[in-house]
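Chemist: Structure provided below as structure tokens; questions to follow.
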Amino acid sequence: MKRPLIAVLNGPNLNLLGTREPALYGGATLDDVEALCAEVAEALDLAIDFRQTNGEGELISWVQECRDRAAGVIINPAGYGHTSIALMDALLALDCPIIEVHLTNIHRREPYRHHTYTSEAANGLICGFGARGYALALQAIAELLQEEAE
Ligand code: CA2
């Protein structure tokens with residue numbers, strides 16, 4: 001049977017992971033994060049589509065595409081989470097489970113990082129666990145889908 005597809009969407013500057021600021025964001029590159037997600041998804045019998053963009057419009061278009069193709073969405077909106085009502089609106093138009101992930105604990109950082117518009121559209125938010133947060137999000141989505149199916 002076809003595996004449920006989980007879109008793992010990453011916002012601006014996350015392509016720089018592992019190249020700068022390792023004390024804050026860890027040493028893993030985005031390719032490493034994708035490899036971790038692929039391994040965890042395989043174990044959970046899920047398929048993933050892992051992407052990154054620096055463009056707000058492109059990220060919104062990818063979220064819209066999820067309406068027809070994804071069983072769940074994991075999103076690290078990066079800086080757009082704090083600023084983009086448009087991205088929140090796109091997420092609110094989805095019916096599938098959404099988990100927001102941040103590598104860092106945004107609540108231990110500058111006050112302007114404490115609020116995300118996008119989390120208002122999410123089932124849950126995982127922050128502060130580095131790349132492991134993506135693995136935790138996949139586990140959470142798998143459980144939500146399992147609950148839905150029961
Ligand atoms: O902690 C997270 O995952 C963030 O989404 C990362 C965003 C930040 O704006 C959010 O407040 C929290 C920044 C992504 C930039 O990533 C870089 C990685 C390495 C070097 C420079 C930037």
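The values are calculated or read from the model by the stated rules, or taken from the named source; none is laboratory data. Computed from a predicted model, the values in this text were never measured in an experiment. All Cβ positions, glycine included, derive from the backbone under ideal geometry; neighbour counts span all protein chains shown. Accessible surface is based on the protein model in full, side chains and every heavy atom, while ligands, DNA and RNA are left aside. Shrake-Rupley method; radii C 1.70, N 1.55, O 1.52, S 1.80 Å.
Chemist: So in segment 68-81, with the set limited to residues that are more than 15 Å from the ligand (Cβ to nearest atom) and open to solvent by 40 Å² or more (accessible area, probe 1.4 Å), which one is modelled with the lowest pLDDT? Show your work before the answer.
Modeler: If we filter segment 68-81 for residues that are more than 15 Å from the ligand (Cβ to nearest atom), which is where we start, we get 68-73.
Those still in the list that are open to solvent by 40 Å² or more (accessible area, probe 1.4 Å) too: 68-69.
Numbers: Asp68: 92, Arg69: 96.
The selected residue is Asp68.
Chemist: Further, regarding this structure: Under 8 Å between Cβ atoms, which residue pairs at least 6 apart in sequence (or on different chains) link something in segment 82-102 that is buried (at least 20 other Cβ atoms within 10 Å of the Cβ) with a partner that is at pLDDT below 95?
Modeler: Close Cβ pairs (under 8 Å, with a partner that is at pLDDT below 95) amount to Pro97/Glu148.
Chemist: Given the condition over 11 Å from the mean Cα position of the chain (by Cα), more than 11 Å from the ligand (Cβ to nearest atom) and under 24 Å from Leu16 (Cβ atoms), answer yes or no: does some residue in segment 97-112 qualify?
Modeler: Among the residues of segment 97-112, at least one is over 11 Å from the mean Cα position of the chain (by Cα), more than 11 Å from the ligand (Cβ to nearest atom) and under 24 Å from Leu16 (Cβ atoms), which makes the answer yes.
Chemist: Would you mention how many residues in segment 120-136 are over 14 Å from Pro77 (Cα atoms) and assigned to a helix (DSSP H, G or I)?
Modeler: 3
Chemist: Give segment 109-119 a look and list any residue that's part of a helix (DSSP H, G or I) and in contact (Cβ under 8 Å) with a residue 12 or more places away in the chain, or say none. Even if it seems obvious, please write down each step before you answer.
Modeler: First, the residues of segment 109-119 that are part of a helix (DSSP H, G or I): 111-113, 118-119.
Within segment 109-119, Tyr112, Arg113, Thr118, Ser119 qualify.
Chemist: What do you reckon, is Thr29 open to solvent by 30 Å² or more (accessible area, probe 1.4 Å) and free of Cβ contacts under 8 Å to residues at least 12 places away in the same chain?
Modeler: Details: open to solvent by 30 Å² or more (accessible area, probe 1.4 Å): yes; free of Cβ contacts under 8 Å to residues at least 12 places away in the same chain: no.
For Thr29, the condition - open to solvent by 30 Å² or more (accessible area, probe 1.4 Å) and free of Cβ contacts under 8 Å to residues at least 12 places away in the same chain - is not met.
Chemist: Would you pick out the residues in segment 32-63 that are open to solvent by less than 30 Å² (accessible area, probe 1.4 Å), of a type in the set (A, V, I, L, M) and within 15 Å of the ligand (Cβ to nearest atom)?
Modeler: Val33, Leu59
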